[in-house]
Amino acid sequence: MRINGQEESFTAALSVSAFLEAKGYRTDRVAVEKNGAIVPRREYESCLINDRDTLEVVSFVGGG
């Protein structure tokens, strides 16, 4: 699996939600793209990712 340009390996398919939790992301502060398509937040639990997928995770940062 390729995540934000880096190769990573997992032993089993994960939901987007489980992946984000395992990596310490706050689901209310990120946008996820899987294989070039935005994953709606409501689908994070049901959308599975596996070794052939490419993910981009973008964190929102507040400031001013």
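Numerical summary
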{"item": "Calculated [θ] (222 nm, deg cm²/dmol) that DSSP helices of n ≥ 4 give over the chain, each run adding -39,500 (n - 2.57)", "result": "-2500 deg cm²/dmol"}
{"item": "Ordering of 29-35, 14-20, 54-60 by burial proxy (mean other Cβ atoms within 10 Å per residue, highest first)", "result": "14-20, 29-35, 54-60"}
{"item": "The chain: antiparallel DSSP beta bridges as a percent of all, rounded to 5", "result": "85"}
{"item": "Label selected from (i) 4.6; (ii) 3.5; (iii) 3.8, the criterion being mean projected area of the Cα convex hull in nm² as computed here", "result": "(i)"}
{"item": "Simple spin-label estimate for Arg2 and Ala18 in nanometres, 7 Å along Cα-Cβ", "result": "2.4"}
{"item": "Average Cα contact separation per residue, the chain, under 8 Å, 6 or more apart, as relative contact order %", "result": "46"}
{"item": "Of Ile38, Ser9, Val61, farthest towards positive along the dipole that unit charges on Lys, Arg, Asp, Glu beta carbons give the chain", "result": "Val61"}
{"item": "Label point distance in nm, Ala37-Val58, each placed 7 Å from Cα along Cα→Cβ", "result": "1.8"}
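Every number in this text was worked out from the coordinates using simple rules, so none of it is lab data. This structure is a prediction, so every number in the text was calculated from the model and none was measured. FYI the Cβ positions are ideal-geometry reconstructions off the backbone, even for glycines, and counts take in every protein chain you see.
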